[in-house]
Amino acid sequence: MNHTIYLALGTNLGDRQQNLATALRLLEAQVQGVHSSPIYETAPWGYLEQDNFLNIVARGQTRLTPPQLFNLVKSIENEMGRVKIIKDGPRLIDIDILFYDNQLYNSPTLEIPHPRMRGRSFVLVPLADLAPDFIHPVYHLAIRQLAAETDPSTLWLYNPRP
């Protein structure tokens, strides 16, 4: 059975646009029908002494279970050379699972829906580009409503789709 997934991707090191394109290409090995939002540029979140990020949200279909999907995104991050040194620090690529259908999933290593998306324009605005009427299974609000709660001055359209 195929499951609809939404992933947030971000990068602020190297060729940022190429990093997003590479991550999407690697995802397509296990995720079908990958579509991405436009690219947004955002100021850093958390640790501020770093370059701006490029962010997108991708939607696709997969037969992978949530743990298998988590392993896939971590393997892509590792394959692309991601190294975690500083919490919320610079990264070549970061891939977070936002939604897996409208299911709730909780384990010691993975929580779906992503628990820290509310209030983050760099996640919710690109997500609203792909799924404005998707209802968040915890907050019971449409993504467009959650995106409207964020500060639009914290991100700007960077470029068309990668």
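The values are calculated or read from the model by the stated rules, or taken from the named source; none is laboratory data. All figures in this text were calculated on a predicted structure; none of them were measured in a lab. Methodologically, a virtual Cβ is constructed for each residue, glycine included, from the backbone with ideal geometry; neighbour enumeration extends over all protein chains shown.
All conditions but one from (1) among the β-branched types (Val, Ile, Thr); (2) modelled with pLDDT under 95; (3) not in a loop (DSSP other than H, G, I, E, B) apply to residue 85; the one that does not is (3).
Criterion first (in a loop (DSSP other than H, G, I, E, B), free of Cβ contacts under 8 Å to residues at least 60 places away in the same chain, out of contact with any strand residue (DSSP E or B) (no Cβ under 7 Å at 6 or more places or on another chain) and farther than 29 Å from residue 145 by Cβ) does residue 108 satisfy it? Yes: the conditions hold for residue 108.
Within the range 119-151, restricting attention to residues that are in contact (Cβ under 8 Å) with a residue 24 or more places away in the chain and over 20 Å from residue 36 (Cα atoms), which residue is surrounded by the fewest Cβ atoms within 10 Å (Cβ to Cβ)? Here the residue is 151. Among the residues of the range 95-117, just one is in contact with an Asp or Glu (Cβ under 8 Å, 6 or more places away or on another chain), surrounded by fewer than 20 Cβ atoms within 10 Å (Cβ to Cβ) and within 25 Å of residue 13 (Cα to Cα), namely 114. Residues considered: 154, 65. Of these, the only one that is at pLDDT 95 or above and more than 19 Å from residue 35 (Cα to Cα) is 65. With respect to the conditions (1) surrounded by 20 or more Cβ atoms within 10 Å (Cβ to Cβ); (2) more than 25 Å from residue 136 (Cα to Cα), residue 25 lacks only one, and its number is (1). The set of residues from the range 152-162 being of a type outside the set (D, E, K, R) and either without any contact (Cβ under 8 Å) to a residue 12 or more places away in the chain or not in a helix (DSSP H, G or I) (or both) comprises 153, 155, 156, 157, 158, 159, 160, 162.
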